[in-house]
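Below is one structure; the comments refer to it alone.
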Amino acid sequence: MITTETIKITTVENSKVSELDFGNIPLGRTFTDHMFICDYHDGQWNNPRVEPLSHIPTHPAAMALHYGQAIFEGMKATVSEDGIPMLFRAQKNAARLNFSARRMGMPEFPEDLFVEGLKTLVNVERNWIPPQDGSALYLRPFMYADEPFIGMRAATSFKFLIIASPAGPFFSKRIKLWAEKKYIRAAEGGTGEAKAAGNYAAAIRPTEIAKSKGYDQVLWLDANEHKYIQEVGTMNIFFKIGGKFITPNLDGAILDGITRMSVVDVLEDKGFEVTQRPITIDEIKEASDNGTLEEAFGTGTAVGIAYIQEIGWGDETIHVSDESPVGLDVNDTLNAIKTGKIEDKFNWMTQVQ
Ligand SMILES: Cc1ncc(COP(=O)(O)O)c(C=O)c1O
C-alpha cells in the first residue's frame, strides 16, 4: 500500500528556470525541470516519485497508442502575494480524473496521492510559477495504458504522470464561434463527459475547418438534432439573457468543468440567477435578434473567461452584445481568490507549504 509519504524526490543539479523570460513565455512549449510519475501493474500503483523531466521509454505496442486508453486533467498553480504557491480546487480534478478512468476502463488513482503529488511537484518547481497577474503554472496530470499488447481489452499496466508548464497572462480577445452542424463531439452514452484524449482527437479536424472560415473555436451541438448547445472547444458556455444566466445542464455529453461550477457559485453569490438546462441555438438567435442576449462567454482553466463576439450558424450570424460584462467581474473575482487578494470564502484553495 503506497501512502503520500512515500513520494521519492530526485532533483536536477541545475534548474533551467534561469533561462526563462517570464515576460515572454511561449504558450505550451516550456516545461519545468521535473515530473511526477507513478506506475500501475499487478493491480496496484507503485513507486510514486518526482524526478527530472525526461522522455519515457514506450513500447511500440503500448495500448494507449493503438486503442486510446488515455485521459488527462488540466489545472493551475498560482502564487499568493506573500509567495505561497496555491492550487485551485485540486480535489475536483482528482475526482474528475477518476470519473474519466472509470468510463475508460482504467484504474482509479488514489485521490490523496493525486493532490500530494501535485503539492510535491509544485513545491519543487515553485520558482517556475510566474508571478504576474493572470499568469500561473499550468499542471497536466494524465494517465495512459503502457502495456504492450495487440488486442481489444483493458490494459493491465498504466502510467500516471504530472508535468508542468508556465503560462503567461492570458488576455482573451472576444472570440468567434462556429456552430457545427455536420460533425459532433459527443453523443449520449459516449465519452463526452470524460476527459479522454480521443475526444480531443475527434475535434481537431472540425476545429481546423472552423478556423479556415475565420472562427476561433467550434460550438458543439447535440448529436441527434444539431439543435441543443453543448460546449465550446475546451470550454463550457454561459449566456446572459434578460438579466439571468443560463448554461447547458450536465447531460452526460459535456465536461463537468471546474471553472463552470465555480462561475455558477460566484454568480449566485453576486445575486444572479443561474439556470442549468437544455439551451437551443434557436433560442440564442432569437434573444440576439430581439436584443435580450446581453452576454455570452466560455469558461475553462486555460483561459478563465473568454468573451464571445459572434456565432456563425450556417448562413446566419448571431451577434452578442458587448455591454454589461458581468463575466469580467466574475473573472476578476476568481483571479483574486487564486492569488489570495480576497478572502477564499468558498474554501477552494490549497496552500503548498
Ligand atoms: C471539452 C472541455 N470542456 C470544458 C472544459 C473546461 O473545464 P475546466 O473548467 O475544468 O477547465 C475543458 C477544459 O478542460 C474541456 O476540455
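Observations, loosely collected:
- Whole-Hz ³J(HN,Hα) from phi, Karplus 6.51 cos²θ - 1.76 cosθ + 1.60, for region 121-133, glycine and proline x: 5, 5, 5, 5, 9, 4, 6, 8, 7, x, x, 4, 3
- Ordering of 340-347, 214-221 by packing [mean C-beta count within 10 Å, highest first]: 214-221, 340-347
- Net length gained if the chain between Val17 and Gln132 were fully extended (0.36 nm per residue, minus Cα distance): 39.8 nm
- Whole-Å semi-axes of region 213-278's equivalent ellipsoid (Cα gyration tensor): 22, 13, 12
- Asn224-His66 FRET efficiency (beta carbon distance; Förster radius 45 Å; 0.05 resolution): 0.90
- Distance in nm between pseudo-label sites at Thr317 and Arg140 (7 Å out along the Cβ direction from Cα): 3.5
- In nm, spacing of pseudo-spin labels at Gln91 and Met152 (7 Å Cα→C-beta vector): 4.0
- Relative packing of peptides 297-307, 42-52, 91-101 - highest average C-beta neighbours within 10 Å first: 297-307, 91-101, 42-52
- Dividing the helix sum by the residues of the chain, where each DSSP H run of 4 or more adds -39500 (n - 2.57), gives a mean residue ellipticity at 222 nm of -7500 deg cm²/dmol.
- Among 71-77, 243-249, the peptide with the highest mean count of other Cβ atoms within 10 Å heads the list, and the full ranking is 71-77, 243-249.
- Charge dipole (Cα centre; +1 on Lys/Arg Cβ, -1 on Asp/Glu Cβ; no other charges) of the chain amounts to roughly 700 debye.
- Across all directions, the average projected area of the convex hull around the alpha carbons of region 4-169 is 10.1 nm².
- Distant-in-sequence amide H partners of Ile241 (H built 1.01 Å from N, under 5 Å): Ile246, Glu294
- Rounded to 10°, Cα long-axis angle of helix 258-269 versus longest principal axis of the chain: 50
- When the alpha carbon gyration tensor of the chain is reduced to an equivalent ellipsoid, its three semi-axes come out at 34, 25, 18 angstrom, largest first.
- A crude spin-label estimate for the pair Ile9 and Asp269, with each label 7 Å from Cα along the Cβ direction, gives 3.1 nm.
- Counting only Cα atoms, the size of region 211-353 along its three principal axes is 53, 28, 28 Å, in decreasing order.
- Of Lys176/Lys345; Lys92/Lys159; Lys76/Lys211; Lys285/Lys338; Lys182/Lys240, pairs whose Cα-Cα distance is over 32 Å: Lys176/Lys345; Lys285/Lys338
None of the figures in this text is laboratory data; all of them are computed from the coordinates on show. On a predicted model such as this, the values are computed, not experimentally measured, just so you know. Here the Cβ is made from the backbone with ideal geometry for all residues, glycine too, and neighbour counts use every protein chain on show.
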